[in-house]
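What follows is one structure encoded as structure tokens, with my remarks underneath.
The values are calculated or read from the model by the stated rules, or taken from the named source; none is laboratory data. Worth saying up front: this structure is predicted, and the values here are computed from it rather than measured. Counting neighbours? That spans all protein chains shown, and the Cβs are built from the backbone with ideal geometry, glycine included. Accessible surface areas use protein heavy atoms only, side chains included; no ligands, DNA or RNA. Shrake-Rupley method; radii C 1.70, N 1.55, O 1.52, S 1.80 Å.
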Amino acid sequence: MPEILTDARLDGLVVDPHFVWKKQTVTIAFLNGDERQRLELRKIYFQWFKCSQLHFSEVPLSQGADIRVGLGLDRSRSWSLTGSLSADYSVNLTSGKVYRDLKRTRDLKRTRDPSMVVASISKRRVLHEGGHSLSARHEHGHTLANISWHPDFINGKMYLQMTSEYIRNNYLQTFPLNQSSGPFDK
């Protein structure tokens, strides 16, 4: 039986307060995928909304959406923009650059580029990236986490597929105390 997210499981969540969704309803659209894939992603991803104050409204991509989900679009990588950044920013998959969505108009039409990509549908990937799409951060980035990283990990010798820049940006970079609300802040 799949483990369900509950309020108790969210007690340890570290979030970026600058990008927490301020509105009650967040819209989502799929860039690709068949109905079976979309249904499987919904079953997992929507668990976040059962234990939060947010609601989902799925809309056609042509109407624009706060979160635009791509399935398997980025060379088997999964990622997500953080929280409400998704409403105004997109990622160009060719260049890999994040850009402000200037195509946005009064009728809320936006780009067709993703704000979240899941390499393949697995519970871990969907919940992890879904958490980022709702403003969750990596707990190890908290200033008070006090993690002693192995020197071979830091210098890239442990996992050769990770560049030193990737390790620095995704593991070693910390964020200020005033930019989180999580277990270390209590």
Q: For residues that are modelled with pLDDT of 80 or more and more than 14 Å from the chain's Cα centre (by Cα), tally how many sit in segment 131-161.
A: 15
Q. Taking the condition closer than 21 Å to P17 by Cα, hydrophobic (A, V, I, L, M, F, W, C), open to solvent by 40 Å² or more (accessible area, probe 1.4 Å) and touching a strand residue (DSSP E or B) at 6+ places or on another chain (Cβ under 8 Å), does F49 pass?
A. no
Q: Hey, could you check segment 127-180 for residues that are over 12 Å from T82 (Cβ atoms) and among the acidic types (D, E) and say which is most open to solvent (accessible area, probe 1.4 Å)?
A: E165
**Q.** Near pairs, Cβ below 8 angstrom, 6+ apart or cross-chain, from segment 157-173 (farther than 17 Å from G96 by Cβ and outside any helix (DSSP H, G or I)) to any residue that is open to solvent by less than 100 Å² (accessible area, probe 1.4 Å) and at pLDDT below 80
**A.** Q173/G141
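Looking only at residues that are at pLDDT 85 or above and assigned to a loop (DSSP other than H, G, I, E, B) in segment 1-22, which one is surrounded by the most Cβ atoms within 10 Å (Cβ to Cβ)?
W21
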Q. Which of the residues spanning segment 52-98 are free of Cβ contacts under 8 Å to residues at least 60 places away in the same chain, at negative phi, open to solvent by less than 40 Å² (accessible area, probe 1.4 Å) and part of a loop (DSSP other than H, G, I, E, B)?
A. V59, A65, D66, D74, S78, L81
Q. Given (1) in contact (Cβ under 8 Å) with a residue 24 or more places away in the chain; (2) farther than 16 Å from I121 by Cβ; (3) within 15 Å of the chain's Cα centre (by Cα), where does W48 come up short, assuming only one miss?
A. (2)
